[in-house]
Amino acid sequence: MNLDKLIPVLIVLCSLAAAASVLSFKGQDYSADYVYIQKTGCDLFLHYKVSRPMTVDVWLDEKDIKRRVMSQEISGEGVLEYFVSSYSGRIRFDVYAGKILKGSERSPYTLYEWVDCK
Amino acid sequence: MNRKILVLCVLVILLSGLAVRLVPASREKYPIGYDNFFHARMAELYSNGVPRTIPWPEERANLYPPSYHLLLAGASVFFGGDALQASRFLLPALSMLLPLTLLYVLAKIKGWREALVGFFLMTFNPFLITAGYNSPEVVGLALSLAAFYFLYKDRILLAGLAQAACFSFSFMAGVYSSVMLLLLLRGKRLKDAALFLAPSAVFLLAWYGSRYDLLYQSTNFFGSKYVFMSLRDWLFLYSPFILGAVIPVLFCSSYRSRFDRFWAVWSVFFLVAYFSFLVTPVLHPWRMPLYLSVGFVMLVSSALRGAKGQALKVLFIVSFTAACIVTVNTVAHSSLTPPDDALIQWISGQSGQRVMSEYSLCGHLLTLAPQKSCNLDLYFESIPDKQKWDDYERMFWEYSPELVRKNINEYSPDYIVYGSRDWGREILEDSVNVSKVFVSWKCDPLCGQEAAVYVPR
């Protein structure tokens, strides 16, 4: 085997393969989904930007009280408002696409805030 | 080897090597490698003169070697003064200096065939490519290789000057120097050793001596536990391969000349240094495979001169390179994920100032939302408040409700931030009364972990 002939061929081929492989790099798309809570007294605003339709469930979430008080579809970008009345404690927002998954599957994205509106 | 073929090969490797480094960098919004956020901020300081101190997160001595930050400050002129954007490209391009130096050294000492193989192996070495996205050590290593060449040619003063230049880029120059010094002392060449060290001594005195009054501010030991957690799987994959199998074989087959002896000693030295991370992390174990790779490339190039087992050697080179190319394709992405980016943008518009987060996210935050304070800096070699740093880091790594409560009581953060790669938020939720006010995620196509912001009540 003549290394003087083989080495340049292998080197050129491998180098070109490496250069070609980087052309498949896309770089990251920095658009991410998000939701956040803005609280003004007893008014809670859920700001959202989601890339697919999702559902928001609003829960009054205390030890002795756990009840869903609102369920709403959201898509795109916008604000969802919920006014709290006669309640003091934690309020929870579950954001999920389709059904809420169980077991080891991904649970909904959850946010929560504390209010004192009694 | 035919001259035209040789030039063609060098050009193909050079251009492909630059493409492998610069194409991924050009397609990211931020630099690849979070250290660049620190380097960019340093370059901004240097544009107003050499700073004696680093102002964030708390003022401390500027002990970092100055040359890369000066270069970056200069390069940022071409990017409208934006050092962060300049850092996307400068160091990846400079990382080609090491293969080019190696090409020259091997061509002068061994021959063009060996030089070409060495140039090729080093250009596509995944450790060099990844280090080239955030560590000025890659420039220092090229200078150290030049120092080795001058030493080999008995041009001691030039070797010393190259090594002093290496010190101006990297702390690790001290480690490279010790191998060269070892060989000089072994040959009882005391005068040469003194001449070799003199330029470095002058630089070190000028740079660190002028700051001696500030040295006490820094606590540089941060525990081997951190390093264990930082080592990546791919590093574990390659290192035993290089260390455990290849180098001893090359060591035995190539132990013929002064050249081979040097790189064999170099390899053994770094092999020992690599395992020192079990005791202390001061020798940067996550860069050890890079230093070992230099020795490895030198030895494998040298081994090509032997007539035995040529097919095996070629097969080995090809398979090693294929593995490198696969690795390169899996690691070159910005360390800032889209959910973390959304989180930083959101938090920069909030009124609270004090943010508690893991060090990497904190480093990004300090650059992209500089009006906030974050008590961990990504430049973790020099930590202004070791206790606080340790408390914070453990909070993101240990499942300890007591530690979470202690941190929040002692440091009173406005926000506690978990990036999309952090864990431990369940402990926070279960231990302390917090509101969870922001969540961001990305599904592409699978949904990654959320980035979240908590506010203590």
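Observations on the model:
- A:ILE65/B:PHE275 FRET efficiency (R0 51 Å; Cβ-Cβ; nearest 0.05): 0.30
- Inter-part distance where the range B:389-417 and the range B:59-138 are each reduced to a Cα centre, Å: 38
- Remark: mean inter-chain Cβ contacts per residue of B:200-211 equal 0, using a 10 Å Cβ-Cβ cutoff to other protein chain atoms.
- Rounded to 10°, Cα long-axis angle of helix A:3-22 versus longest principal axis of chain A: 20
- Accessible surface of B:TRP56 - all protein chains present, 1.4 Å probe, nearest 10 Å²: 50
- Two-site FRET efficiency, B:SER47 against B:SER26, from Cβ-Cβ distance with R₀ of 35 Å, rounded to 0.05: 0.90
- Per-residue accessible area (protein heavy atoms, 1.4 Å probe) orders A:ASP64, A:ASP43 as A:ASP64, A:ASP43, starting from the largest.
- Helix-only arithmetic for chain A: the sum of -39500 (n - 2.57) across DSSP H runs with n ≥ 4, divided by the residue total, places the mean residue ellipticity at 222 nm at -6000 deg cm²/dmol.
- Surface composition of the range B:338-456: carbon plus sulfur atoms hold 47% of the accessible area, using a 1.4 angstrom probe and ignoring ligands, DNA and RNA.
- In terms of its C-alpha gyration tensor, the range B:338-456 has a rounded overall shape, because the principal axis ratio a/c (a ≥ b ≥ c, square roots of the eigenvalues) stays below 1.5.
- For the range B:1-101, GluC sites (Glu not before Pro) meeting the loop criterion (DSSP other than H, G, I, E, B) and having at most 16 other Cβ atoms within 10 Å: B:GLU58, B:GLU59.
- The A-B contact accounts for approximately 4300 Å² of buried accessible area, totalled over both chains at a 1.4 Å probe radius.
- Here the relative contact order of chain A, from alpha carbon pairs under 8 Å that lie six or more residues apart, stands at 22 percent.
- A:LYS5 accessible area, assembled protein chains, probe 1.4 Å, Å²: 140
- Average beta-carbon neighbours from other chains, 10 Å sphere, peptide B:10-16: 5
- Each of A:SER86 and A:ALA17 was given a label point 7 Å from its Cα along the Cα-to-Cβ line. The distance between the two points is 7.3 nm.
- Label point 7 Å beyond Cα of B:GLN371 along Cβ direction - residues of the range B:333-351 with amide nitrogen under 16 Å: B:344-351
- Across B:LYS153/B:LYS191; A:LYS118/B:LYS406; A:LYS26/A:LYS49; B:LYS29/B:LYS372; A:LYS39/B:LYS372, pairs whose alpha-carbon gap is larger than 26 Å: A:LYS118/B:LYS406
- For the range A:34-117, accessible area per residue (1.4 Å probe, heavy atoms of protein chains only), Å²: 55
- Across peptide A:33-40, the average count of Cβ atoms from other chains found within 10 Å of a residue's Cβ is 6.
- FRET efficiency, A:VAL9 to B:ARG189 (Cβ-Cβ, R0 56 Å, nearest 0.05): 0.80
- Note on B:LYS4: aspartates and glutamates with a C-alpha under 15 Å away, same-chain residues under 8 apart excluded, are A:ASP4.
The values are calculated or read from the model by the stated rules, or taken from the named source; none is laboratory data. Note that the coordinates shown come from a computational prediction; the quantities given were computed from them, not determined experimentally. Cβ sites come from the backbone with ideal geometry, for glycine too, and all protein chains shown count toward neighbours. When the accessible area is computed, the model is the full protein with side chains, heavy atoms only, and any ligands, DNA or RNA have been set aside. Shrake-Rupley method; radii C 1.70, N 1.55, O 1.52, S 1.80 Å.
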